[in-house]
Structures are given as structure tokens and as C-alpha cells.
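K.L.:
Take a look at the following structure, please.
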Amino acid sequence: MLLFYRNLKHTRKLVEIHRFRNSSGSCNLFNSKGIYSSSRNFCSGGKSPNTDEWTEDVQYLDESGHIIYSGKGIRSVEPGLDDHIMVGGLKKPILNASAVAKLVEIVKRWKWGPDMETQLDKLQFIPNMTHIMQALKVMEDSDASLSLFRWAKRQPWYKPSDVCYITLFDKLNQSRDFDGIQSVFDDMVLDSGENGASLFNAYNRVIQYLAKAEKFEVAFCCFKKIQESGCIVDTGTYNSLITVFLNNGLPYKAFEIYENMEKAGCSLDASSYELMIPTLAKSGRLDAAFKLFQQMKVSNFRPGFGIFAALVDSMGKAGRLDTSLKVYTEMQGFGLRPSATMFVSLIESFVKAGKLDTALRLWDEMKKSGFRPNYGLYTMIVESHAKSGKLDIAMSVFSDMEKAGFLPTPSTYASLLEMHSASGNVDAAMKLYNSMTNADLRPGLSTYTALLTLLAKKKLLDVSAKILLEMKAMGYSVDVNASDVLMVYIKDGSVDLALRWLRFMGSSAIRTNNFIIRQLFESCMKSGLYEQSKPLLETYVNSAAKVDLILYTSILAHLVRCQDENNERHLMSILSATRHKAHAFMCGLFTGPEQRKQSVLSFVREFFQGIDYELEEGASRYFVNVLLNYLVLMGQINRARCVWKVAYENKLFPKAIVFDQHIAWSLDVRNLSVGAALIAVLHTLHRFRKRMLYYGVVPRRIKLVTGPTLKIVVAQMLSSVESPFEVSKVVLRAPGDAVMDWFKKPIVQQFLLNEIPSRADILMHKLNILFPSSAPEIRSLSPPKPRVAGKAL
């Protein structure tokens, strides 16, 4: 029996001859519907009806009649021999559709595992990558697709295919199997490296799928692997990565991707521009953001409002106001309307930069656009104009603010009040202060300070006292503010007001510090208010403050100048109230040797040995100058000589006397007071005489450097004994021989040893005018310089 059949499902045509030795054998190649069935039952009738096995040989013939196989049952398929069908006498390959259908049938039935792979290995034809790709497209199950793909990878005919990988990634993405995508991606990287295949599209598809699924860590890892493999990344992939990183708050990763994108010569798409530019601007990379903004316009993309808003805000905050204003103007050219937030940002930027005119112009534009300025913007405009001194504009906006229903803050009141105070507008400042207190707003410390300073400068003591008591009632500590007002009166020379204010402070239990008490004491001394000065000094001393040598000397200087007997008594009382050791020295200096129990020179040396010259060198020099003035005025020349001698021994005036061998001897008295200069000249000329007469040393010349003012006093004193010294601009000079002859006169010896001529003729003649402007009586507030040289020795 010869039987031809065609299996419509498997697309295979066979010619089979079945020879049966048992006539009762059956052959069921077709089912009840007439369709070929894959099950065949050829069995003997003598056997059990349940037996399903072949009992006779089956011979397989080719078209020429030759036997190609003989045996029991279906013969095994040999790929390559059965991969065709006969059309007449022609061999034609099995159709791709049939091959794909067979692959799909096997995979759908067996799903995965060894059974499926065994069935695939028994295919009567050798599949190729086209069959695999088409089968993957047909199948919907991602696991089955992955199983077929892995089986195909192990076959010798396998070749990596971009389309095949893309199809597989599409299936895995549809089923959200991202672990499978990552696994296939790793296989793809190996395929690309081993076979050198170009898988450009598949690479990019993987990253895009991972990026859209917000698997940014995996996406970035895959991106790095692609770069390491040398594959090119397309624009869409770059944009997907940038988008996912920006959306997940990782701008720096996005910037890294963007830098790689620039190197690759790719450009952003519209959505990436919309994300990238604001992110760059907000992160401070303004140049990069503005460059992208320009590129976006060149690429014919229309920037959205978000880009303009981000650039305007970021450029303004960075101080790049011209660029910010340019972008703002360009946005209006695109037909976009500024928002209230943009106006606020622009105005804030220009206000902080001090460009108030532009800020005010934008302020007007904002109101014309129908936006109502908010509370913070009103406050900023008012305070900025107030602090810049534009009080008219500030008060105008302040009035608008109140009309708009906004209650000004204490800081707004403070800025206006402080600027009115600085401008000296007492009425406006007090009006604002009263408005502030009526609104139950608590003025700040700076507001009170500015107002009190203004009232003090205007000498409105009663109003100042009222404000200070209100400040105290508010719970502020007013000691510092009260002291500041007192200092204003002192510096202004209003001693009477200062004394009144001090009495008010005492009655209100408000304390001040010792520094201000001392300043007020010195101001009273300068004004000749000696009677009021003593209580201040007693307060200063009783508060454990120490009267230093400078303060004592300044009081002594007032005594030197005093010509009123009653004031002298007050000054002596003030000197006694200082309790300074210098006063005990002064008292001992004018007592007799019986009471001192030592000579004047020893007594003076003992006092100067107790001075710390590292701390009080300048004060000691000041004290010596004033003391010598006083002693000369009192006619105590010998005592004055002792003081000068000890002062010179202690190097308080180290450069006063200079011996230049036989050339020139000189005395410099430019930095001395009048009395000190006269005593120094007498004492030094006496030393010169002793050295010249006793030792026979005669210099070429002798100079007395006096300066322009002391020159008159010294010249008058020496002219009374016919001295050879010639007067020039600032120096008295004479040849050494002439001075030698002058020293030999008996009147000169008496003059140098005893006393100077009448003090009424020399010292008391316009004493206040003769004192040089650089004289030590003019007290310096700068601390004395330490004796570096003495310390080093």
C-alpha cells in the first residue's frame, strides 16, 4: 500500500510504504475530522487492544523508490536530509513560516527545561537566526522566549543579532522583568566582545527601558559598561538617562552624563532641555545653563516658562543682573507673561545689589501687570530705600503699605526711624516711634539706641529721659544706652548736660562705667569746674578704679596753669583725693630733710626706682615734664635739678645729651616742657663746664637744639649772663673756645650753680602761649610705648 500525505502543520511531505504481515493491522493517519494526527497506531490484532507498539517493520523510501530507512516505528530525523519537500522532481526548502510555527509549537508546549531542548534538538531542519527572531516576535511569554534564546545561543549556527536582542528586551520590558534584562545585557556584552558584533540599538534600548523604569543605578552601570566596550550611545539614550537622574534628584550624575553627551557630539531633546537648564541654573552652573539656553534656541526649540523663570531667578541671585534682565526681556518677546514669583525674585535681586531705580521700575511693572505686592516685598522696598537715605520714596511706599492693609513690622519701623534719626529729623522720628508704640509693637534695641542718640545730639535731655524709662519698662537693660547718651554730651562739650544726665542716672538706679566717669571728670577739669570734679574723682576711686600716673599728672598740669587761689585749693584737694603714690612723693619732696630722713636726691631716686618703666615709661616722662614746670614755678631749682638728674639716669630722655668726641656736644630739649628745658640747659651746661675746665676737653662747637618755641625762653635766660650762643631758627650754637672763655667768668659759675633769673620775667610771661604744641602737658590717650631697648638689656 502506497500512501502520500502532507502534514499541514509541520509542512513536511513523506512517502511511506507499510507492509503488514497481519491483515488485521490498522493505520490511523487521520482523525475523525480528516486532519493528520501525530499519533500512529500499527499493531497486530492478536495482541491486546491496549498495546500501543509497533509490531512490523516500516520502510521509508525516497522519491526514486530507494529505501532510506527500515525499522519498527517512526524513524529518527536527521537534520539536513529531511529539511525539504518535493514539488514534482524539485527539492524545495521548508518555508520560514512553517519552521517558525514548529519552533513556536515546541516552545509553547514544553515552555523550558531539558524536555524542550530535546525536542528542539530533534527538529528535522536546521534553524537559523531568522527563524529565532520571528519566533521571538510571535511568542508572548517572556520566559519561553528567553528559554528559546538561550538554547539558540548554544547552537553552532548562532550569530549575535541586534534585532534579536531588541525583540527579547521588548518582551522582557513588557513583563517588567528587569532582572532578566540585566542578565541578557551581560550576555550581550560578552557576545559583543567575543564576536565583535554591532549591537548599537540593543544597547541603547536596554538603557532607555531601565531609565524609564527609574532603575537609575542599574541604568548607569549599564551605561558605563557600554562606554567601556567602546559602543556608541545615541541621543535618545542620553536624554533618557539625564531625565531619570534629574527626576530622582541626582543632578550631578545628570551633569556627568551630559558631559559625556557633549563629547559624543549628541544634543538634547526638548524635554531634556526643559529639565537640564533649570537644574544647571539652580545648582549654580550658570554659564553651562546659559550656553544650553542659547543652543536650545539655535536648535529651533521654544523655551518654556520654567527655563526663563529658573534663569531669571538664578542669574539675579548670583548678581548677574544684566543677564537676568536680558532673559526677562527676551521672555516677554516670546509672548510669555511674567509671574508674581518672577517679579519678586527680580526686585529682590536688584534691591540687594543696591540698584533701587531698576527695582522701583520693576515694582511699577508688577503693579501694572495686575499683581499685588506681598508683605515681604513691601517691607524690602521700604527698608532698602530707607537705608539708602531715600526717605521720601520709603515713606511713600510705607504709606501705600498701610493703605494696602499690611501692618509694618518692627524692622520696617526701625529702618525708617533709624534713618530719620541719622538725618536729624526729630519730629519724623518721634512720630514713627509713637505710631509704633500705639500699634503695640515693641521697638528693638537698635531703634531705641538710634532714637536716644538723636535726642542726645539735639540736647533734648528730658525727652531722652522719658524714652529711656520707657525702654527700661520694656525689659531692656538700659545701662549701656544711658552711658552712650552721657558720652554724647561729654564729646559735645556739654558738661552741664552731662552732669544733669549723670544725676538722672543715679536717681533712676542706672549705673555707668569708670571709663565714662573718668572722661566726664577730665571734661570738668578742662572746663574749670573743679568743685564738681572732686565728687566724680571720689566716685571713680571708691569704685575700685585705680588712678594712674597719667591722670595724676594731668591734674598737676592744671595746678601749674592755675592762677586763682581758690581754684588752687580745689586742685590740691583733688590731688589728695587721687590717693596716688606720686602725691605722697610730692608732699615729701617739699618737706625738710629731718622729716624725710634722707637727702632730696636719694628721695627722688627711691621714688623713680619704684616705677615700672616697661608699662609707664611714657607716663613717667610726662610726669617729669609737668613736675619740673611746677618746681621751677615754685622756685625749687635744686629739687628740680635732682629730678632732672634722676630722670636722665633712668634714661627717660636717652637722646637729650650727645657727646661727639671733640667735634660737637649737643643738648636736645625739643620734647621738653618749659621748666624741664630750662633745668636741662642749666644742668647740662654745668656738666659741659666741669668736663671742659677740669679735664681740658674742648669740642669744636656746642649746640642747644630748642625748636622754634623754646628757643625764645632759653635765649632770654642765657642772654642775662652774656652767653656766646647765637640764635638761629631752631638751634642755639657757639664755638667751643668761646664757650670755654665764657665758662671761666665768675658770674657764669654762680649762674649755673645757684638759680635762674626771676621766674616772673621768663616763665610767667604768657606761659600758656610759650608751651609748645607738642609739650607733654597735652595728654595723649594712646598708651605709652614700652622700653624695648631696656627690656632687651
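K.L.:
I need the full set of residues from region 693-730 which are open to solvent by less than 50 Å² (accessible area, probe 1.4 Å) and touching a strand residue (DSSP E or B) at 6+ places or on another chain (Cβ under 8 Å), in order please.
P.N.:
Those that are open to solvent by less than 50 Å² (accessible area, probe 1.4 Å) and touching a strand residue (DSSP E or B) at 6+ places or on another chain (Cβ under 8 Å): 699, 702, 704, 705, 706, 711, 714, 715, 718, 723, 724, 725.
K.L.:
For region 317-328, state whether one or more residues are part of a loop (DSSP other than H, G, I, E, B) and surrounded by 15 or more Cβ atoms within 10 Å (Cβ to Cβ). Step through it out loud before you land on a result.
P.N.:
In the first step, residues of region 317-328 are kept if they are part of a loop (DSSP other than H, G, I, E, B); the result is 318-320.
Applying the additional criterion that residues be surrounded by 15 or more Cβ atoms within 10 Å (Cβ to Cβ) yields 320.
Yes, some residue in region 317-328 is part of a loop (DSSP other than H, G, I, E, B) and surrounded by 15 or more Cβ atoms within 10 Å (Cβ to Cβ).
K.L.:
Of everything in region 275-296, what is open to solvent by 50 Å² or more (accessible area, probe 1.4 Å) and within 18 Å of residue 324 (Cα to Cα)? Give them in sequence order.
P.N.:
At the first step, the residues of region 275-296 found to be open to solvent by 50 Å² or more (accessible area, probe 1.4 Å) are 275, 282, 284-285, 287, 291, 294-295.
Within region 275-296, 282, 284, 285, 287, 291, 294, 295 qualify.
K.L.:
Read through the list (1) open to solvent by less than 10 Å² (accessible area, probe 1.4 Å); (2) assigned to a loop (DSSP other than H, G, I, E, B); (3) hydroxyl-bearing (Ser, Thr, Tyr), then give the number of the only condition that residue 684 fails.
P.N.:
(2)
K.L.:
Taking interchain pairs and intrachain pairs at least six residues apart, which have beta carbon atoms under 7 angstrom, with the first residue in region 343-360 and polar (S, T, N, Q) and the second crowded, with 16+ Cβ neighbours inside 10 Å?
P.N.:
345/312; 345/313; 345/316; 349/316; 349/317; 349/321; 349/324; 358/350
K.L.:
So, one more: Within region 470-482, can you find the residues that are surrounded by fewer than 20 Cβ atoms within 10 Å (Cβ to Cβ) and part of a helix (DSSP H, G or I)?
P.N.:
Filtering region 470-482 down to residues surrounded by fewer than 20 Cβ atoms within 10 Å (Cβ to Cβ) leaves 470, 472-477, 479-480.
Selection gives 470, 472, 473, 479, 480.
K.L.:
Only residues that are at pLDDT 75 or above, surrounded by 14 or more Cβ atoms within 10 Å (Cβ to Cβ) and assigned to a loop (DSSP other than H, G, I, E, B): list them for region 356-397, please.
P.N.:
371, 373
K.L.:
Could you grab me the full set of residues in region 622-671 that are touching a strand residue (DSSP E or B) at 6+ places or on another chain (Cβ under 9 Å), among the β-branched types (Val, Ile, Thr) and open to solvent by less than 50 Å² (accessible area, probe 1.4 Å)?
P.N.:
Keep residues of region 622-671 that are touching a strand residue (DSSP E or B) at 6+ places or on another chain (Cβ under 9 Å), which gives 648, 653, 655-660, 663-670.
This time we only want the ones that are among the β-branched types (Val, Ile, Thr), so: 657-658, 663, 669.
Residues satisfying the conditions are 657, 669.
K.L.:
Right, another one. Hey, any hits in region 256-271 for a residue that's in contact with a Lys or Arg (Cβ under 8 Å, 6 or more places away or on another chain) and not hydrophobic (A, V, I, L, M, F, W, C)?
P.N.:
No, the conditions are met nowhere in region 256-271.
K.L.:
Here is a follow-up. Can you give me the number of residues within region 421-441 that are open to solvent by less than 60 Å² (accessible area, probe 1.4 Å), outside any loop (DSSP other than H, G, I, E, B) and among the small types (Gly, Ala, Ser)?
P.N.:
So the answer is 4.
K.L.:
Still on this structure, please answer the following. On the basis of being over 20 Å from residue 418 (Cβ atoms) and either touching an Asp or Glu at 6+ places or on another chain (Cβ under 9 Å) or of a type in the set (Gly, Ala, Ser) (or both), does residue 494 make the cut? Steps first, answer last, please.
P.N.:
Numbers: over 20 Å from residue 418 (Cβ atoms): yes; either touching an Asp or Glu at 6+ places or on another chain (Cβ under 9 Å) or of a type in the set (Gly, Ala, Ser) (or both): yes.
It is true that residue 494 is over 20 Å from residue 418 (Cβ atoms) and either touching an Asp or Glu at 6+ places or on another chain (Cβ under 9 Å) or of a type in the set (Gly, Ala, Ser) (or both).
K.L.:
Now for a separate question. Conditions: (1) under 20 Å from residue 255 (Cβ atoms); (2) part of a loop (DSSP other than H, G, I, E, B); (3) modelled with pLDDT under 80. Residue 279 meets all but one. Number of the miss?
P.N.:
Among (1) under 20 Å from residue 255 (Cβ atoms); (2) part of a loop (DSSP other than H, G, I, E, B); (3) modelled with pLDDT under 80, the lone unmet condition for residue 279 is (2).
K.L.:
Still on this structure, please answer the following. Answer yes if at least one residue in region 569-578 is surrounded by fewer than 19 Cβ atoms within 10 Å (Cβ to Cβ), without any contact (Cβ under 8 Å) to a residue 12 or more places away in the chain and not aromatic (Phe, Trp, Tyr), and no otherwise.
P.N.:
yes
The values are calculated or read from the model by the stated rules, or taken from the named source; none is laboratory data. Note that the structure is predicted; figures quoted are calculated from it, not measured. Glycine also receives a Cβ, built like all others from the backbone with ideal geometry; neighbour counts cover every protein chain displayed. Heavy atoms of the whole protein, side chains included, go into the accessibility calculation; ligands, DNA and RNA do not. Shrake-Rupley method; radii C 1.70, N 1.55, O 1.52, S 1.80 Å.
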